[in-house]
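Undergrad: I am attaching a structure below and will ask some questions about it afterwards.
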Amino acid sequence: MLERLKQIEARYEELANELSAPELLADQAAYTKAARQHRTLGEIVEKYRTWKTFKQELSGAQELADSVDDDEMRDMARLEVETLAQKLETIDTELKLLLVPSDPNDEKNVIVEIRAGTGGDEATLFAAEMLRMYSRYAERQRWKFEVLEASESGIGGFKEAIVLIEGDKVYSKMKHESGVHRVQRVPQTEASGRIHTSAITVAVLPEAEEVDVKIDPKELRIDTFCSSGPGGQSVNTTYSAVRITHLPTNVVVSMQDEKSQIKNREKAMRVLRARLQELEEQKQHDAVASERRSMVGSGDRSEKIRTYNFKENRVTDHRIGLTIHQLDLVMEGNLDEFIQALITHDQAEKLKNEAVAA
């Protein structure tokens, strides 16, 4: 482990020098990639340097405890040895976690796709509430939240919404939100007061950069049309809406939120790149079910990662068995407890796998 940490520290210093080089500053894509790697390694290097400091202090305290004649001084030195040893053990565990191979997408922005599943109108209303919940969470994280496309239902809900979230380590925190989210409550339209169960699906895709996914313009069919609102009402009479079809994969992305055709095309390409990268990752991991199906299932009530029970003010994450009786706060974007618990669980599983592999 120590040899690996030394190599990481050397690479960190090397990247620091590269980032000030004029030739790298001239290449924005390469600079962004190097800066991201430098930032990622920085967390490990900082922890490693702290470890080295404590290691040195522990050695000094141990030497003092072994050599001093005064009983009181020896007791103080031994207490210092014990304290430093505990700190060193904690940092050692943290370093092992940091050295576990991380998801290469963790630093990336995300495309989040929210779709109403079973439950009809109630599912579309819950989809709208989930969109708001993620918006509030993004605000708390100081991330940029932008709705790229939304298909409204007739009662103020969303059949589908696609959003872009940009910021620091967005995917590392949002990736565990992928799956079926189930809601249990009495719908506003229910006269008898019976509790209904509905479901929505959430897919969190790391945003693919142009350097990640190469798209041949010849493989695209781009159609333009007049955008329209709910019920077929005309939004504008210009051909600003864009539909892009990737012919080799038949992946289709439509975008009509902007009045500018150029802006709609840019947004559609961002979503297309994310979906194509997802397809490529599926090919590389064909031993398991496709990533989206494993993330969101069919949208059926029985397939769920989390349940939101409004009557009991309860939210339960079924993957880690965590229940919080503060649904009202969760719906306001207080997701930290769930997300941190999921990250910790994921790290523990990775450490376990690393130990087995070793």
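Undergrad: Taking into account only those residues within the range 226-252 that are at pLDDT 85 or above and part of a strand (DSSP E or B), which is farthest from residue 272 (Cα to Cα)?
TA: Across the range 226-252, the extreme among qualifying residues is 241.
Undergrad: Something else about it: So which residues in the range 15-40 are exposed (fewer than 13 other Cβ atoms within 10 Å of the Cβ), of a type in the set (Asp, Glu) and assigned to a helix (DSSP H, G or I), if there are any at all?
TA: Residue satisfying the conditions is 23 alone.
Undergrad: Kindly indicate which of 80, 63, 57, 43 is under 30 Å from residue 209 (Cβ atoms) and in a helix (DSSP H, G or I).
TA: Just a single option satisfies the conditions, and that option is 43.
Undergrad: Can you find, within the range 98-128, the residue that is farthest from residue 51 (Cα to Cα) among those that are small (Gly, Ala, Ser) and assigned to a helix (DSSP H, G or I)?
TA: This residue is 123.
Undergrad: Taking the stated definitions as given, is residue 131 on the phi < 0 side of the Ramachandran plot, outside the structural domain of residue 183 (by TED's automatic domain parsing) and in a helix (DSSP H, G or I)?
TA: When the stated conditions are applied, residue 131 does not pass them.
Undergrad: Is it true that some residue in the range 73-84 is at pLDDT 85 or above, surrounded by 12 or more Cβ atoms within 10 Å (Cβ to Cβ) and under 28 Å from the mean Cα position of the chain (by Cα)?
TA: So far as the range 73-84 goes, no, none of its residues is at pLDDT 85 or above, surrounded by 12 or more Cβ atoms within 10 Å (Cβ to Cβ) and under 28 Å from the mean Cα position of the chain (by Cα).
Undergrad: Let me ask something additional. Suppose the filter is part of a loop (DSSP other than H, G, I, E, B) and within 21 Å of residue 330 (Cα to Cα); does residue 142 pass it?
TA: yes
Undergrad: For the range 164-181, give me each residue that is within 19 Å of residue 273 (Cα to Cα) and of a type in the set (A, V, I, L, M, F, W, C).
TA: 164, 165, 170, 174
Undergrad: Quickly run through the range 111-140 and pick out the residues that are closer than 14 Å to residue 167 by Cα, surrounded by fewer than 20 Cβ atoms within 10 Å (Cβ to Cβ) and not charged (D, E, K, R).
TA: 135
Undergrad: If you scan the range 138-183, which residues turn out to be touching a Lys or Arg at 6+ places or on another chain (Cβ under 7 Å) and of a type in the set (S, T, N, Q)?
TA: 151, 153 - these are the residues of the range 138-183 that are touching a Lys or Arg at 6+ places or on another chain (Cβ under 7 Å) and of a type in the set (S, T, N, Q).
Undergrad: Now for a different question. Can you find a residue in the range 183-190 that is in contact with a Ser or Thr (Cβ under 8 Å, 6 or more places away or on another chain), in a strand (DSSP E or B) and outside the structural domain of residue 256 (by TED's automatic domain parsing)?
TA: Checked the range 183-190: at least one residue is in contact with a Ser or Thr (Cβ under 8 Å, 6 or more places away or on another chain), in a strand (DSSP E or B) and outside the structural domain of residue 256 (by TED's automatic domain parsing).
Undergrad: Next up: Over 30 Å from residue 106 (Cβ atoms), among the basic types (Lys, Arg) and assigned by TED's automatic domain parsing to the domain that holds residue 330: which single residue out of 194, 221 fits that description?
TA: 194
Undergrad: Just checking, which of 81, 163 is closer than 29 Å to residue 313 by Cα and of a type in the set (A, V, I, L, M)?
TA: 163
Undergrad: Suppose the filter is under 18 Å from the mean Cα position of the chain (by Cα), within 25 Å of residue 154 (Cβ to Cβ) and either at pLDDT 75 or above or assigned to a loop (DSSP other than H, G, I, E, B) (or both); does residue 201 pass it?
TA: yes
Undergrad: Take the range 204-225 and flag every residue that is acidic (Asp, Glu), farther than 29 Å from residue 181 by Cα and modelled with pLDDT of 80 or more.
TA: 216, 219, 223
The values are calculated or read from the model by the stated rules, or taken from the named source; none is laboratory data. The shown structure was predicted, so the numbers you read here are calculated from the model rather than taken from an experiment. All Cβ positions, glycine included, derive from the backbone under ideal geometry; neighbour counts span all protein chains shown.
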